[in-house]
Amino acid sequence: MRVILLSSILLGSIAISRQNPVTYTDKDNNVIIPPCLAETGLNLSVLGVAKIEDVRDSSFYNLKTLTEDKRGCFVACVYKKLGIITEENVLINDRVIPPGVAVPKKKLATAFEDATEACRAQKDLCKLGNCLYEIYFF
């Protein structure tokens, strides 16, 4: 389901976890995005921008043009840096839907949980990242 956007997790000033809040602001773009770009051999142009300060919510839609592997590895890297994916490549349950974001109605919540469960079953980190990207952006 695309009800809850990855971009709101990545670029909003929101808490990711109810127990151990991790906040993310536009200032964190400098800390999170460049290392993930370097790690995956990408540059800012894949986000459709020339400067890190220009990264916006909509920038992540530009990743659709990448191969599933490149896109997935980049998204997984960002999620790891945000603490949504552990060092053991496990998706953390309580960090998938951030506080302040309306919990979908039962039918949508069930579909969303089914989708995240399918992602959680991915053992390959890049496939996990791509699976999450597809939930939030396709």
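Throughout, read-outs are computed from the coordinates displayed, never taken from laboratory work. As the structure is a prediction and not an experimental result, all values here were calculated from the model. Don't worry about glycine lacking a Cβ; one is built from the backbone with ideal geometry, like all the others, and counts go over all protein chains shown.
Convert each backbone phi in region 115-122 into a coupling constant with the Karplus relation 6.51 cos²θ - 1.76 cosθ + 1.60 (shift: θ = phi - 60°), then list the ³J(HN,Hα) values in order as whole Hz, x for Gly and Pro.
With the stated coefficients, region 115-122 comes to 5, 5, 5, 4, 5, 4, 6, 5 Hz.
Peptides 36-46, 64-74: what's the order by average Cβ count within 10 Å, highest mean first? List each step's numbers first, then the result.
Numbers: 36-46: 15.2, 64-74: 17.5.
Descending mean neighbour count gives 64-74, 36-46.
Measuring from label point to label point, each 7 Å out along Cα→Cβ, what is the ILE52 to THR86 span in nm?
Placing both labels 7 Å beyond Cα along the Cβ direction yields 2.9 nm.
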